[in-house]
Amino acid sequence: MNEKKGLLSSGLGMVARNKRYILWFWLLNLTLAEFGTSAFRKSAHAILDHSLAADRIVHGFDFAAMINLFARPEFGSMSAMTTPALYFSFLFLMATALFLPGVFQGYASTYRLPREDFFRACGRNLWRFIRLMIIAGIAMGIATGVLFGIHGALEKKAAESTNELLLPEVRFVGFAVIFLVMAIFRIWFDLAEADIVLNDQRAVRKSIWAGLRHTFRGVIRLLASYVIATIVAAIILVGGLWTWMRFVAPESVLGAFVVSQLTLLLLLIPRFWQRGVAVSYWQQKMMVPVVAMQPTTTPPIMPQPIIPEPIPPAASQEATPPVPGAPPETQGS
């Protein structure tokens with residue numbers, strides 16, 4: 001059925017059948033963010049609850065008031081504020097490596113994946129995903145550094161030109177190329193993740209090589225699907241910011257919380273949509289076909305008719321008794 005459907009439609013169908021995964025990741029993100037910002041929230045409450053400067057932050061955003069807040073000695077050091085956020089960000093990264101294999105397994109299943117099968121896939125592929133994420137981080141980091149280095153050199157040369165339009169054009173084209181190249185890297189490692197889980201591949205290097213090979217084979221279809229999902233994410237982000245600025249009053253904490261969290265929840269859909277596209281492509285192009293075993297049938301043994309064997313003639317006939325009065329030459333014949 002997936003072969004008759006496009007990557008976008010089949011991937012979106014997988015997301016629609018497994019909406020609970022998006023809700024779980026949103027709740028996980030919200031919970032860890034609550035713990036990660038607890039130190040900052042506690043210090044800010046201790047100062048702003050007894051200061052008139054809080055009105056300048058509640059009824060709008062005053063940058064000078066925020067800088068003044070950070071400079072207060074009782075606020076504490078910035079490292080004390082940012083360290084818990086870094087710790088819980090790393091914890092969210094590890095939780096992603098733990099639960100993503102179950103998501104891929106659920107997307108590839110034609111039925112609602114049971115809870116025990118989900119966590120079995122998570123535990124079996126945890127170390128494989130950690131190794132893959134380390135390799136992906138190194139590869140993407142090197143590629144990003146090289147691309148931005150080239151982009152900076154081109155901008156420097158363009159700034160020396162007398163053409164005033166050359167610099168913005170180089171900047172725009174450079175960022176577009178960087179986006180497309182990094183999207184290809186994302187496709188590569190998404191296919192590798194799908195192959196590790198769905199092919200139960202212990203050798204991560206084989207899945208990386210298979211993902212790279214199929215990325216270049218289907219780069220047009222895959223890149224177009226990922227770009228469309230990214231455009232949808234951009235539309236959701238712009239719509240969420242516009243709604244916040246248009247309808248949420250600056251002093252409305254509840255309204256800001258609802259709009260921001262709803263926007264973050266909707267932003268998870270395009271990313272999971274991209275993973276569904278990767279699973280759909282794996283099922284169409286990378287899955288090894290399984291040949292159904294045909295039972296061997298033995299033809300029935302028909303009973304053969306029993307044909308009596310002919311009795312061979314006697315080698316010598318017994319001598320017949322002589323007939324009285326017969327001539328001697330006829331005797332015994």
Using 0.36 nm per residue, how much length does the chain from Lys42 to Val288 gain when fully extended, once their Cα-Cα distance is taken away?
83.1 nm
Where the centre of each part is set by its Cα atoms, how far does the range 104-140 sit from the range 163-197, in angstrom?
25 Å
What number comes out for accessible area per residue over the range 64-147 if the probe is 1.4 Å? Units Å², please.
56 Å²
Can you give the local net charge around Phe25? Use residues other than it whose beta-carbon is closer than 13 angstrom to its beta-carbon, Lys and Arg +1, Asp and Glu -1.
+4
Carbon and sulfur together cover what percent of the accessible area of the range 134-175 at a 1.4 Å probe radius?
73 percent
Packing rank of 147-154, 128-135, where each peptide gets the mean count of other beta carbons within 10 Å, highest leading
128-135, 147-154
Net charge dipole size for the range 14-148 [Lys, Arg +1 and Asp, Glu -1 on Cβ; Debye, nearest 20]
720 debye
Protection proxy ranking, peptides 279-288, 13-22, average beta carbon neighbours within 10 Å, highest first:
279-288, 13-22
With a 1.4 Å probe and every protein chain kept in, tell me what percent of the accessible surface of the range 53-132 is carbon plus sulfur.
67 percent
Please give the net charge around Thr215, taking every other residue with its beta carbon less than 14 angstrom from that of Thr215, where Lys and Arg add +1 and Asp and Glu add -1.
+2
Once Phe104, Phe99 are ranked on solvent-accessible area with the largest value leading and a 1.4 Å probe, the list reads Phe99, Phe104
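The values are calculated or read from the model by the stated rules, or taken from the named source; none is laboratory data. What you are looking at is a predicted structure, and each value in this text was computed from that prediction instead of being measured. Methodologically, a virtual Cβ is constructed for each residue, glycine included, from the backbone with ideal geometry; neighbour enumeration extends over all protein chains shown. Ligands, DNA and RNA are excluded from the accessible area calculation, which covers all protein heavy atoms including side chains. Shrake-Rupley method; radii C 1.70, N 1.55, O 1.52, S 1.80 Å.
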